[in-house]
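*Asks:* Supplied in structure tokens, the structure appears directly below.
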Amino acid sequence: MHGAALTHALWLPPWGAVLEMWPKEREMWRCFEHWSQLAGHAYQRYENAKKSNFRADKFGDYTRIEPDLFMDKVNDLVASVSKKRQELAGLAGGKT
């Protein structure tokens with residue numbers, strides 16, 4: 001889920017990708033998207049668009065993920081990573 005642990009994305013390899021999950025559909029701080037773009041990494045954001053998929057209580061926040069929508073994002077990133085690795089392998093003479 002969107003949070004400080006995404007700073008680990010700074011150390012991704014050149015073909016890396018980031019999937020950021022937002023618990024609510026709203027404008028949030030977009031630093032992880034910007035960092036991904038600056039580093040040349042693929043980026044996708046999963047936004048929970050249904051209010052019924054989010055709830056908060058005294059123990060924390062809970063988000064139900066829509067598996068099909070989530071997997072669409074994952075599959076897009078996998079394709080992007082594969083393409084980028086092939087491009088980088090071509091530039092490096094087959095070594096990545």
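The values are calculated or read from the model by the stated rules, or taken from the named source; none is laboratory data. Bear in mind the structure is a predicted one, so any value in this text is a computation, not a measurement. Every residue, glycine among them, receives a Cβ derived from its backbone with ideal geometry; neighbour counts consider all protein chains shown. Keep in mind that these areas ignore ligands, DNA and RNA; they rest on the heavy atoms of the full protein, side chains included. Shrake-Rupley method; radii C 1.70, N 1.55, O 1.52, S 1.80 Å.
*Asks:* Wholly within segment 1-60, which strands (runs of 3 or more DSSP E) include no fewer than the required count, namely at least 2 residues that are closer than 18 Å to K73 by Cα and at pLDDT 85 or above? If you could, list the steps in order and put the result at the bottom.
*Replies:* Numbers: elements: 17-22, 42-47, 54-57.
The strands (runs of 3 or more DSSP E) meeting that bar are 17-22, 42-47.
*Asks:* Moving on. Against the condition on the phi < 0 side of the Ramachandran plot and exposed (fewer than 12 other Cβ atoms within 10 Å of the Cβ), how does W11 come out, does it pass? Break it down stepwise before answering.
*Replies:* Working: on the phi < 0 side of the Ramachandran plot: yes; exposed (fewer than 12 other Cβ atoms within 10 Å of the Cβ): yes.
Yes, satisfied.
*Asks:* Checking A17 against (1) in contact with a helix residue (DSSP H, G or I) (Cβ under 7 Å, 6 or more places away or on another chain); (2) open to solvent by 90 Å² or more (accessible area, probe 1.4 Å), which single condition isn't satisfied?
*Replies:* Of the numbered conditions (1) in contact with a helix residue (DSSP H, G or I) (Cβ under 7 Å, 6 or more places away or on another chain); (2) open to solvent by 90 Å² or more (accessible area, probe 1.4 Å), the odd one out for A17 is (2).
*Asks:* Is it true that D68 is open to solvent by 80 Å² or more (accessible area, probe 1.4 Å) and outside any helix (DSSP H, G or I)?
*Replies:* Taking the combined requirement at face value, the residue does not satisfy it.
*Asks:* Please state which one of S80, S52 is of a type in the set (S, T, N, Q) and crowded, with 16+ Cβ neighbours inside 10 Å. Let's see the steps before the verdict.
*Replies:* Numbers: S52 fails: crowded, with 16+ Cβ neighbours inside 10 Å.
So the residue among S80, S52 that is of a type in the set (S, T, N, Q) and crowded, with 16+ Cβ neighbours inside 10 Å is S80.
*Asks:* Please count how many residues of segment 83-96 are open to solvent by less than 100 Å² (accessible area, probe 1.4 Å) and not hydroxyl-bearing (S, T, Y).
*Replies:* We begin by selecting, within segment 83-96, every residue open to solvent by less than 100 Å² (accessible area, probe 1.4 Å); these are 84-85, 87-90, 92-94, 96.
Narrowing further to those that are not hydroxyl-bearing (S, T, Y): 84-85, 87-90, 92-94.
Within segment 83-96, residues that are open to solvent by less than 100 Å² (accessible area, probe 1.4 Å) and not hydroxyl-bearing (S, T, Y) number 9.
*Asks:* Right, something else. Looking only at segment 71-95, how many residues end up being free of Cβ contacts under 8 Å to residues at least 24 places away in the same chain and either part of a loop (DSSP other than H, G, I, E, B) or of a type in the set (K, R) (or both)?
*Replies:* Result for segment 71-95: 5.
*Asks:* How many of the residues making up segment 55-65 are open to solvent by 70 Å² or more (accessible area, probe 1.4 Å) and without any contact (Cβ under 8 Å) to a residue 12 or more places away in the chain?
*Replies:* Start the filter on segment 55-65 by keeping residues that are open to solvent by 70 Å² or more (accessible area, probe 1.4 Å), which leaves 55, 58-59, 61-62, 64.
Checking the rest, the ones that are also without any contact (Cβ under 8 Å) to a residue 12 or more places away in the chain come to 55, 58-59, 62.
Residues in segment 55-65 being open to solvent by 70 Å² or more (accessible area, probe 1.4 Å) and without any contact (Cβ under 8 Å) to a residue 12 or more places away in the chain: 4 in total.
*Asks:* Inside segment 35-68, can you point out the residues that are of a type in the set (F, W, Y) and within 28 Å of K83 (Cβ to Cβ)? Don't jump to the end; show me each part of the working.
*Replies:* Applying the first criterion (of a type in the set (F, W, Y)) to segment 35-68 yields 35, 43, 46, 54, 59, 62.
Passing the criteria: W35, Y43, Y46.
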